[in-house]
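Have a look at the structure below before the remarks.
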Amino acid sequence: MSESSAEAVADVVASAAAAASAAEAAGSWRRATGIAGAAIGVLAAGAAAGVAIERMTVGRGMRRKARLALDSAGPYGTLRGTPGKAHADDGTELYYEVDDVDPDPGPNVSPRRRRLFGRKAPAPVTVVFSHGYCLNQDSWHFQRAALRGVVRTVHWDQRSHGRSGRGVAQTQDGVPVTIDQLGRDLKAVLDAAVPDGPIVLVGHSMGGMTMMALAAQYPELIRDRVVATAFVGTSSGRLGEVNFGLPLAGVNAVRRILPGVLKALGQQAELVEKGRRATADLFAGIIKRYSFATRDVDPAVERFAERMIESTPIDVVAEFYPAFTDHDKTEALACFRDFPVLVLAGVQDLVTPSEHSEVIADLLPDAELVLVPDAGHLVMLEHPEVVTDRLADLLTRAGAVPAGATVSGYGSTSSTAQPR
């Protein structure tokens, strides 16, 4: 992010705050809260998605029609599997879907897989994908399409995201969300969807932190059943030091006021949601900067990502945000030392900077570290071919997919696929 762009972000936040003050003086505090909440909520959510079609010189009606056209044209987020439900330790309903492997794998079963499991037919390797903050399981669209029929996969929605239920402990008892709770949620999903057999864990951003929390609380599960792990755009801690590409003054202001503001906004969720919808066009460009680094991302992909962030209520944004400041799972990384690990990040990620991935790789010296140039936080959507290629290699090294599988330019993995 350029210095001028960062200043622009700070200017928008400052302008929103000024608008809030002016409106409050005029007796319009509720409307101002929605406007300020939209601006600050963008910074808090970080993983929010971009919209390339938004231009302030284009009429709102035309922009709305363009978004509807992209919604109807894009296939993203349409992949569905066999549904299932798990229940967290507080009773929260956790939704997941399973894509099973083709019943007849043919002659291309990896020799490495045979060496790993011996002659006895094993329980299939299952790849479990965990998504990030303000996203849902569909954020793995390209990788899911690539692996369909090749390996058994499980995609699940974190509590209060996607099709999962709102956190019971949060809505009924006011208990704060913690990364440790998310780790226990993942354990519940594994118990329900993968009761036996080897597991590959793949997590993006908050999903990677969820995997670390799982390891911290259930190290024996990692030791006995996990055969490979991929950390994508995530962090083991010190997220309170991230500057989101803002100038120093802007960062200090955000850190000082954001927790309290988000708490207040969460208590006025209905009003804030109206404010977010009313100001969607104004903040679309800022949202995009926190998701993508390149200018040539498919507009339908950008719109797909925007829909995911739009579906995350502001009170969920507020509930989860404090958990990231408290997150520190550096010690838990030791649980992942004894099997193949992929650590991948976008060099221009403003939400979980690539330096955090380098820290993880330093603590796992045998891990493969991949830093993707011209990539932001949603690297798996921005450069799906890179992520899918390295993930396919990881799965091959773990004996989870046929060694002959290849990866197409759009992230499709099959033994016969050709780059398009």
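The values are calculated or read from the model by the stated rules, or taken from the named source; none is laboratory data. Just so it is clear, the model here is predicted, and its values are computed rather than measured. For neighbour counting, all protein chains shown are included, and Cβ atoms are generated from backbone atoms with ideal geometry for every residue, glycine included. In case anyone asks, the SASA skips ligands and DNA or RNA and just uses the protein heavy atoms, side chains included. Shrake-Rupley method; radii C 1.70, N 1.55, O 1.52, S 1.80 Å.
Numbers at a glance
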item	result
Single condition ARG63 does not satisfy, out of (1) buried (at least 23 other Cβ atoms within 10 Å of the Cβ); (2) modelled with pLDDT under 60; (3) not polar (S, T, N, Q)	(1)
Filtered residue count, the range 189-226, keeping only those that are more than 19 Å from ILE360 (Cα to Cα) and surrounded by fewer than 21 Cβ atoms within 10 Å (Cβ to Cβ)	10
Condition met for ASP315 (assigned to a loop (DSSP other than H, G, I, E, B) and open to solvent by 10 Å² or more (accessible area, probe 1.4 Å))	no
Residue list for the range 319-350, filter: under 18 Å from the mean Cα position of the chain (by Cα) and open to solvent by less than 20 Å² (accessible area, probe 1.4 Å)	PHE320, ALA323, HIS327, LEU342, VAL343, LEU344, ALA345, GLY346, ASP349
Residue count, the range 383-400 (criterion: open to solvent by less than 20 Å² (accessible area, probe 1.4 Å) and either in a helix (DSSP H, G or I) or polar (S, T, N, Q) (or both))	7
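Matching residues to (1) of a type in the set (A, V, I, L, M); (2) within 22 Å of VAL387 (Cβ to Cβ):
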| position | (1), (2) |
| --- | --- |
| GLN158 | no, yes |
| GLY165 | no, no |
| ASP173 | no, no |
| ASP180 | no, no |
| ALA192 | yes, no |
| ALA216 | yes, no |
